[in-house]
Amino acid sequence: METQLELKGKRINLGLQNVKYSDSAFRKLSYFLAAFWFILIIIDIFFTENNGLFEKIGMPVIYGFNGILFFVKAHFELSPTSKYAPHFMISKDRLKIKKNVLKKSEFINWDDVKKIELGYYKIGIQDKTGLKYYPYQTRKETSIQIKRAIEDIASQKRIEVENLLKR
């Protein structure tokens, strides 16, 4: 069911908040830095004279940890197709919100939504349980794109939309 939703919905990745450089540039940089740390492991193990225990084991472990962190950031968080990347999936049936790599996705059925509030990098959704805000971090253009897609679906479903920025 979820894969059918993803095929029919519009996916908008949150990406990075940096407006100077593109997400793909940061992704390539993260892959490069991961490779750099892994190369440092090889250099440290095979080409340096290590006398102490920390130099023999500790430094390669630290290098490996850094390399893994940069690889995970590039491969999961900055990937445009990763299911773990922070994103909004907007379909005709429901809204999927994933704000963080380590957090679970939240699903909201459009049939349960009574009102939507669009704020400054946040979306408020009122349903039968009450009003809940979903703050997120992204670029200005991406935020506008998310809000327009939500407004389009809300107008089709005849859901009230309040723009908090126009107050």
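The values are calculated or read from the model by the stated rules, or taken from the named source; none is laboratory data. Remember, predicted model here, so these are calculated numbers, not experimental data. As a convention, Cβ positions derive from the backbone with ideal geometry for all residues, glycine included, and neighbour counts pool all protein chains shown. The protein model used for the area step is the full one, side chains on, heavy atoms only, and it has no ligands, DNA or RNA in it. Shrake-Rupley method; radii C 1.70, N 1.55, O 1.52, S 1.80 Å.
Given R₀ = 22 Å, FRET efficiency for Lys56-Phe36 by Cβ-Cβ distance, to 0.05?
Values: r = 21 Å, r/R0 = 0.94.
According to the calculation, E is roughly 0.60.
For the range 25-86, what is the convex hull volume of the alpha-carbon atoms per residue, in Å³?
On the way: hull volume 4.3 nm³, N = 62.
Taking the convex hull of the Cα positions in the range 25-86, it is 69 Å³ per residue.
Length available on full extension from Thr129 to Ser79: 0.36 nm per residue minus the Cα-Cα distance, which gives 14.6 nm. Sparsely packed loop sites in the range 115-147 (the trypsin sites (Lys or Arg not before Pro) outside DSSP H, G, I, E and B with at most 13 other Cβ atoms within 10 Å) comprise Lys128.
With every protein chain in place and a 1.4 angstrom probe, the accessible-area ranking of Thr142, Thr48, Thr129, largest first, reads Thr129, Thr48, Thr142.
Multiply the residue gap between Lys103 and Glu151 by 0.36 nm, knock off their C-alpha separation, and tell me the result in nm, one decimal place. Display every interim value, and only then the final one.
Working: separation 48, 0.36 × 48 = 17.28 nm, distance 2.53 nm.
Difference between extended and current length: 14.7 nm.
When the Kirkwood radius is taken over all Cα pairs of the chain, what Stokes-Einstein diffusion coefficient follows at 37 °C and 0.692 mPa s, in µm²/s? The Stokes-Einstein estimate is 179 µm²/s.
Taking only the Cα atoms of the range 79-144, the ratio Rg/Rh comes out at 0.95, with Rh defined as the Kirkwood radius. Computed over protein heavy atoms with a 1.4 Å probe, the accessible surface of the range 1-117 works out to 66 Å² per residue.
A 1.4 Å probe, protein heavy atoms only, puts the accessible area of Phe46 near 150 Å².
Which value, in nm² and rounded to one decimal, describes the direction-averaged projected area of the C-alpha convex hull of the range 51-106? Write out the running numbers ahead of the final one.
Values: hull surface 18.0 nm².
So the Cα hull casts an average projection of 4.5 nm².
Of the heavy-atom accessible surface of the chain (probe 1.4 angstrom), what whole percent is carbon and sulfur?
Working: 6320 of 11000 Å².
C and S fraction of accessible area: 57 percent.
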